[in-house]
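Engineer: Would you mind keeping the following structure in view while I ask a few things?
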Amino acid sequence: MSSPVTIRPFEEQDTSACRGLWAELTRSHRALYDDPSIGGDDPGSGFDAYVDEFAGAHKWVAERDGSVIGFVGLILRGRQGEIEPVVVSFDARGQGIGRSLVETAVEAARAEGVDQLKASPVARNSHAIDFFHSLGFTALGHVDLLLDVRHPDTYWQRGERLAGRDFDF
């Protein structure tokens, strides 16, 4: 049986571990889109950019046996909030850790008086879409439609239907 997981606020000493988790997130996006260029040469650097851009974001980590195995951020913009990102180490997935992280962020958003909370998983990440839906994220608040002028038609996959229209993802 696994040791218990503790959800606690992010501390500066967690930076390296969270950077590694961000690199795992980047690798999963590379696999989803079959695009090794996503995240550039240093896939963990996205965490550095996140911390710089959202310095005031609330952040929590999931820790087991002294190791950080998950991370969640809550970005507040007035009475609106965003869960970004949610990352759980590949070998710790499926154990309810992501759920605990998001529930922690949702409770903090409620305490802050947030009216709406959004999550924006990439369109191909059906696992993340299902995950957020199971946590109550069931209203479509915003849809980004893209005209990709750079990538060939083979980059996108057919199959999603919304508002009576077919879309690639």
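A short reminder: the numbers here are calculations on the coordinates, not readings from a lab. Nothing here was measured: the structure is a model prediction, and the numbers come from that model. Cβ: placed from backbone, ideal geometry, glycine included. Neighbour counts: every protein chain shown.
Engineer: Taking the Cβ of each residue in Thr104, Thr15, Thr138 as the centre, tally the other Cβ atoms inside 10 Å and list the residues starting with the fewest.
Structural biologist: Listing Thr104, Thr15, Thr138 from fewest to most nearby Cβ atoms yields Thr138, Thr15, Thr104.
Engineer: For Lys118, Lys59, which order do you get if you count the other beta carbons within 10 Å of each Cβ and list the fewest first?
Structural biologist: Listed from fewest to most nearby Cβ atoms, that is Lys118, Lys59.
Engineer: Could you grab the relative contact order for the chain? Cα pairs under 8 Å, six or more apart, rounded to a whole percent.
Structural biologist: Reported as a whole number, the value is 17 percent.
Engineer: Evaluate the charge dipole of segment 6-143 about its Cα centre and quote only its size in Debye, nearest 20, assuming +1 on the Cβ of each Lys and Arg and -1 on the Cβ of each Asp and Glu.
Structural biologist: So the magnitude is around 440 debye.
Engineer: As an exercise, find the ratio Rg/Rh for the chain from alpha-carbon atoms, using the Kirkwood inverse-distance average for Rh.
Structural biologist: My calculation puts Rg/Rh at 0.97.
Engineer: How many nm separate the modelled label positions at Leu140 and Phe90, each set 7 Å beyond the Cα in the direction of the Cβ?
Structural biologist: In this crude spin-label approximation the distance works out to 3.2 nm.
Engineer: Determine the dipole magnitude for segment 89-169: charges of +1 sit on the beta-carbon of Lys and Arg, -1 on that of Asp and Glu, nothing else is charged, the reference point is the Cα centre, and the result goes in debye to the nearest 20.
Structural biologist: With Lys and Arg at +1 and Asp and Glu at -1, about 120 debye.
Engineer: Now for a separate question. Starting with the fewest neighbours, write out Arg165, Arg19 ranked by other beta-carbon atoms found within 10 Å of each beta-carbon.
Structural biologist: Ascending Cβ contact count within 10 Å gives the list Arg165, Arg19.
Engineer: Once the cut-off is 20 Å, how many percent of the Cα-Cα pairs in segment 82-169 end up in the long-distance tail?
Structural biologist: So the portion of pairs separated by more than 20 Å is 46 percent.
Engineer: So what's the back-of-envelope 222 nm ellipticity for the chain, counting only DSSP H runs of four-plus at -39500 (n - 2.57) apiece and dividing by all residues, rounded to 500?
Structural biologist: -10000 deg cm²/dmol
Engineer: Right, next: So what are the ³J(HN,Hα) numbers for segment 55-66, from phi and the Karplus equation (6.51, -1.76, 1.60; θ = phi - 60°), rounded to whole Hz, Gly and Pro as x?
Structural biologist: Values per residue, Gly and Pro as x: 4, x, 5, 6, 9, 9, 10, 9, 10, 9, 6, x Hz.
Engineer: Under a plain spin-label model, where a point goes 7 Å from the Cα along Cα-to-Cβ, how far apart in nm are Arg150 and Phe54?
Structural biologist: 2.2
Engineer: Return the whole-Å distance between the Cα centroid of segment 1-48 and the Cα centroid of segment 84-122.
Structural biologist: Taking the Cα centre of each part, segment 1-48 and segment 84-122 sit 15 Å apart.
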